[in-house]
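Here the structure is laid out as structure tokens; the discussion comes afterwards.
Laboratory data are not the source of any read-out in this text; all were calculated from the coordinates shown. Since the structure is predicted, the reported quantities are computational estimates derived from the model, not experimental observations. Heads up, the Cβs are rebuilt from the backbone with ideal geometry, glycines too, and the neighbour counts pull from every protein chain shown.
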Amino acid sequence: MKKIGIFTLNGNFNYGNRFQNYATQVFLERLGYEVETVQYRRDFSKDKVNNNILKKIYSHSVNGDVLDIIKNKLVKIFNEKSNRIKNQLLEQRVENFRNFSERYINETKDIIDQTILEDKEKQVYLNSNYSTFFVGSDQVWNLDNGKFSTVFFLPFVDKLKRNSFSASFGISNIPSLFENDYRKGLNGMNNISVREESGIEIVQELTNRESTLMLDPTFLLGKDNWLEIADCNKTIKNKKYILTYFLGKKTKEYQRIIDEFVKNVDLEVISLNDVDYPENFIIAPDKFLGLIQDAEFILTDSFHGVAFSIIFRKPFMAVDRIDANVNMNTRIISVLKQFNLSNRYFKLDREILTKEWLEIDYSGAEIIINNNREIAQTFINKSLEAISENDEE
């Protein structure tokens, strides 16, 4: 049985990160492959992070989304009088996520870091133990807080084994300072698939290469597949609610949208990822799925908040993410366009229409998702053909 290695953003803090990793693994396993996620951590020795709990979470969370949350929002928490209690919440959240990862994601015990770029012994081990590698999904090609990392272009393994799987740049343009670095990395890849149309354009502009557009891996599994691991037993019973899920700031304007929306309907509000609601801040990924399943409506600035709204066929509205270092809305805009749901992107001058927002047309969603699965399988087969042909020579 061929063994495939996944390189992605490893972390125990971000829901979308855990779900895309799980979905990629399961999809590949169903195609008959042995799958393992190679754990990679940045070298934090030079980072000026002094708080122990922040270090702990940081070491488990290398997703760009999480970096923003931690550096721009959670740092403020540590200055509050109640920081001891909130530190405990952070620890509980990390622990809940770690339990989910241990239960559902097959990760390597050994953790590699930037030294893999020079460590010949580890390079030989990776090349000899895996038939091929897929980088992605998630924002593996987004600049890491203004720093460029070559690791996610896999220069330490054979070129024929370097493939991206629905990888995301997270941004629509590469800063000129890093264009040559990206050009070199992309040209070194065997096969490239990306998550957004803007990614197709970036690859084309930098390398003149064609790449494959694929949906996020979470769409490779159906609603019933996700419900198999969802914790629906502990979600709120006998209550109808809207679910809010913000990675950025929940501004006064967003609170106004929520208040206006529920004014004419008998719905409660459940806020995820908000330390002001401790019981919701610490929930594990499986319970997150349960809350999505039971929600009447979802308001979110998160790409995966949108993705799971679509997967579970829930009415939703997407808003701009506030406080991101760079504009990451291209991810949401792209997926909405692919599903003909661009009207689900809220602009601040738009009227809030509760009744209309609760109605949504998903009639073409299943065809789009099924087509994407076929594209993904074809891409995987193509990526492995190069290895098979090389082995025969």
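FRET efficiency for D181 and E121, Cβ-Cβ distance as r, R0 = 22 Å, nearest 0.05?
0.25
With an 8 Å Cα cut-off and a minimum separation of 6 or more residues, compute the relative contact order for the chain in percent.
Values: 633 pairs, mean separation 64.5, N = 393.
Reported relative contact order: 16 percent.
Can you give the charge dipole size of the chain about its Cα centre, rounded to the nearest 20 debye, using +1 on the beta carbon of Lys and Arg and -1 on the beta carbon of Asp and Glu?
1100 debye
Regarding the chain, what are the three Cα extents along the principal axes, ordered largest first, in Å?
Dimensions of the chain along the principal axes of its Cα atoms: 69, 50, 43 Å.
For K109, what is the net charge nearby, where nearby means another residue's Cβ is under 12 Å from its Cβ and Lys, Arg count +1, Asp, Glu -1?
-4
By the gyration tensor of its Cα atoms, with a ≥ b ≥ c the square roots of the eigenvalues, what is the shape of the range 1-40: rounded for a/c under 1.5, prolate for a/b over b/c, or oblate?
On the way: a/c = 4.05, a/b = 1.72, b/c = 2.36.
Note, shape of the range 1-40 comes out oblate.
Using helices alone, I'd like the mean residue ellipticity at 222 nm for the chain: each DSSP H run of four-plus residues gives -39500 (n - 2.57), total over residue count, nearest 500.
-12500 deg cm²/dmol
Let me know the shape class of the range 117-169, please: from the alpha-carbon gyration tensor, a ≥ b ≥ c as square roots of the eigenvalues, rounded when a/c is under 1.5, otherwise prolate if a/b is greater than b/c, or oblate. Could you put the intermediate results ahead of the total?
Numbers: a/c = 3.10, a/b = 1.49, b/c = 2.08.
Oblate shape, in that a/c is at least 1.5 and b/c is the bigger or equal ratio.
Show me 269-276, 287-294 ranked by packing, highest mean number of other Cβ atoms within 10 Å first.
287-294, 269-276
Ordered by packing density, taken as the mean number of other Cβ atoms within 10 Å over each peptide's residues, highest first, how do 352-365, 95-108 rank?
95-108, 352-365
What number comes out for the charge environment of K184, summing +1 per Lys or Arg and -1 per Asp or Glu over other residues with Cβ under 15 Å away?
Counting the neighbours of K184, the net charge comes to +1.
On a 0 to 90° scale, report how tilted helix 83-104 is relative to the longest principal axis of the chain, with both axes built from alpha carbons and the result rounded to the nearest 10.
Once rounded, one gets 50 degrees.
Please list 122-128, 330-336 highest first by mean number of surrounding beta-carbon atoms within 10 Å per residue.
330-336, 122-128
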